[in-house]
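Please read the structure below before turning to the comments.
The values are calculated or read from the model by the stated rules, or taken from the named source; none is laboratory data. Given the structure is predicted, the values throughout are model-derived calculations rather than measurements. Cβ placement follows ideal geometry from the backbone for every residue including glycine, while neighbour counts extend to all protein chains displayed. In case anyone asks, the SASA skips ligands and DNA or RNA and just uses the protein heavy atoms, side chains included. Shrake-Rupley method; radii C 1.70, N 1.55, O 1.52, S 1.80 Å.
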Amino acid sequence: MFVSLQGRAIRVMSAQFSRRFCLSVDAENYGSQDDQRQRAIQDGVLVVLDQAANRAGLHRDRWDRQPQGDGELALLPEVAPEPEPQVIDDYVRELRRALAQHNHGMLPCNRLRLRLAMHYGVAIPASNGFSGQAVVVVSRLRDAKPLKEAMAAAPECALGLILSDRLYQETIKQGHTELSPDDTRQVSVREKELAEKAWIHVPGVNVHRLELPSADQPLDRRSSDKPARPRPESTTHNEFHSKVHAEHANFGVSY
C-alpha cells in the first residue's frame with residue numbers, strides 16, 4: 001500500500017505477505033432459489049464442507065475462512081500446512097461423497113451442487129477479508145465459464161473442480177497426487193481481468209467428452225476484445241523532377 005509523506009507517495013510493504021493454498025467454493029443456481037431454499041443451501045454448504053474436511057483428516061478450524069453466503073473463500077494455514085495431495089485427492093473425494101449423502105432422496109432441482117477452485121499464491125489479510133493475486137485468481141477460476149459449462153453438461157454430478165495452471169504444473173503433472181493429468185482437461189479462462197489457462201476435473205465423468213463451447217477461446221485480450229483498426233485507403237505517391245506533359249490530368253497537392 002502507499003502512504004503520503006510530505007506530499008510524496010511512499011510504498012509500505014506488508015508484514016503479513018505470504019503464499020497460501022487457496023480454495024474457493026460456490027453453490028450452483030443459488031440466486032434463482034427462493035428465500036427458504038437459499039437458507040437451506042447455505043446450511044448445506046457448511047455441512048458438506050465440514051464433513052469432507054473431517055473425513056479427509058484436514059483441520060478446517062485452522063483455516064482462514066471468509067463466508068460468502070452460498071460459498072466460501074478459504075486460505076489454508078501457512079504454519080503446519082495441510083498436505084496438498086490430501087487436499088486435492090482426499091478432500092475432493094470426501095466432498096463428492098458428502099454431497100451424494102446430502103442430496104440423497106432430493107428432487108434434482110433441490111440438490112446441492114458446488115464449483116470448487118484451487119490455487120496457490122500470494123494472499124494477505126485485509127480489513128474486509130483477504131487481498132492478493134491468489135485470492136483474485138481463485139475467485140475468478142471458481143466463476144469461470146468453462147467450469148459452469150461443465151456442470152451444465154453433467155447435471156448428474158454435484159461437484160466440479162478447477163485447478164490453476166500453476167497448481168497443475170507443479171503438483172498434478174509431476175505425479176504428486178492420485179489425480180491423473182488424463183482426468184483433467186485444459187481450458188481457457190477469461191473472467192474479468194484474468195486471462196489464462198486452467199484445468200477442469202469433474203469426478204465421475206470423462207471431462208473430455210463434455211461439450212464446453214468456451215474451453216478453447218483465445219486468451220489474448222488485445223486480439224479478441226479490441227476492434228481491428230481500419231486499413232488506410234490505398235494511395236499512390238509520385239515525385240516529378242523534370243517537365244511533365246499531362247493534359248487533362250488532376251493533381252492533388254499536400255503541404
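For the range 31-56, a residue qualifies if it is open to solvent by 40 Å² or more (accessible area, probe 1.4 Å), part of a loop (DSSP other than H, G, I, E, B) and of a type outside the set (S, T, N, Q), and the qualifying residues are 31, 34. Name the pairs: first residue in the range 178-199 and under 18 Å from residue 140 (Cβ atoms) and aromatic (Phe, Trp, Tyr), second residue open to solvent by less than 40 Å² (accessible area, probe 1.4 Å) and modelled with pLDDT of 95 or more, Cβ to Cβ under 6 Å, at least 6 apart or on different chains? Close Cβ pairs satisfying both conditions: 199/163; 199/168; 199/184.
Would you please name the residue that is least open to solvent (accessible area, probe 1.4 Å), looking only at residues in the range 116-140 that are assigned to a helix (DSSP H, G or I) and within 21 Å of residue 52 (Cα to Cα)? Spell out the reasoning first.
The first filter runs over the range 116-140 and keeps only residues assigned to a helix (DSSP H, G or I), leaving 133-140.
Filter once more, keeping what is within 21 Å of residue 52 (Cα to Cα): 138-139.
Values: 138: 0, 139: 18 Å².
In this case the residue turns out to be 138.
Any residue that is of a type in the set (Lys, Arg) and modelled with pLDDT under 95 - is there at least one of those in the range 41-57? Give the derivation first.
To start, the set of residues in the range 41-57 that are of a type in the set (Lys, Arg) comprises 55.
If we keep only those that are modelled with pLDDT under 95 too, we end up with none.
No; the residues of the range 41-57 include none that is of a type in the set (Lys, Arg) and modelled with pLDDT under 95.
Residues in the range 158-168: is at least one open to solvent by 20 Å² or more (accessible area, probe 1.4 Å), assigned to a helix (DSSP H, G or I), in contact with a strand residue (DSSP E or B) (Cβ under 8 Å, 6 or more places away or on another chain) and farther than 22 Å from residue 204 by Cβ? Checking the range 158-168: at least one residue is open to solvent by 20 Å² or more (accessible area, probe 1.4 Å), assigned to a helix (DSSP H, G or I), in contact with a strand residue (DSSP E or B) (Cβ under 8 Å, 6 or more places away or on another chain) and farther than 22 Å from residue 204 by Cβ.
Yes/no per residue for (1) open to solvent by 40 Å² or more (accessible area, probe 1.4 Å); (2) over 24 Å from the mean Cα position of the chain (by Cα); (3) over 25 Å from residue 148 (Cβ atoms):
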| site | (1), (2), (3) |
| --- | --- |
| 71 | no, no, no |
| 82 | no, no, yes |
| 85 | yes, no, yes |
| 94 | no, no, no |
| 102 | yes, yes, no |
| 107 | yes, yes, no |
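Of all positions in the range 93-115, at least one carries a residue that is among the polar types (S, T, N, Q), at pLDDT 95 or above and either more than 18 Å from residue 57 (Cβ to Cβ) or part of a helix (DSSP H, G or I) (or both).
Just one of the numbered conditions (1) exposed (fewer than 14 other Cβ atoms within 10 Å of the Cβ); (2) more than 25 Å from residue 64 (Cα to Cα) is not true of residue 181: (1).
Among the conditions (1) over 24 Å from residue 99 (Cα atoms); (2) among the aliphatic types (A, V, I, L, M); (3) touching a residue at least 40 places away in the same chain (Cβ under 8 Å), the only one that residue 202 does not satisfy is (1).
Out of the range 57-74, which residues are free of Cβ contacts under 8 Å to residues at least 60 places away in the same chain, of a type in the set (A, V, I, L, M) and outside any loop (DSSP other than H, G, I, E, B)? So that I can check it myself, show each step before the final result.
The initial filter retains those residues of the range 57-74 that are free of Cβ contacts under 8 Å to residues at least 60 places away in the same chain, namely 57-63, 65, 67-70, 72, 74.
Next, from what is left, pick out any that are of a type in the set (A, V, I, L, M): 58, 74.
If the condition is that a residue be free of Cβ contacts under 8 Å to residues at least 60 places away in the same chain, of a type in the set (A, V, I, L, M) and outside any loop (DSSP other than H, G, I, E, B), then 74 is the only one that fits.
Scanning the range 169-187 for residues that are touching a helix residue (DSSP H, G or I) at 6+ places or on another chain (Cβ under 7 Å) and in a strand (DSSP E or B) yields a count of 2. Listed by first and then second residue, the pairs with beta-carbon distance under 6 Å, at least 6 apart or on different chains, first residue in the range 109-122 and touching a residue at least 12 places away in the same chain (Cβ under 8 Å), second crowded, with 24+ Cβ neighbours inside 10 Å and of a type in the set (Val, Ile, Thr), are 117/138; 117/162; 119/137; 119/138.
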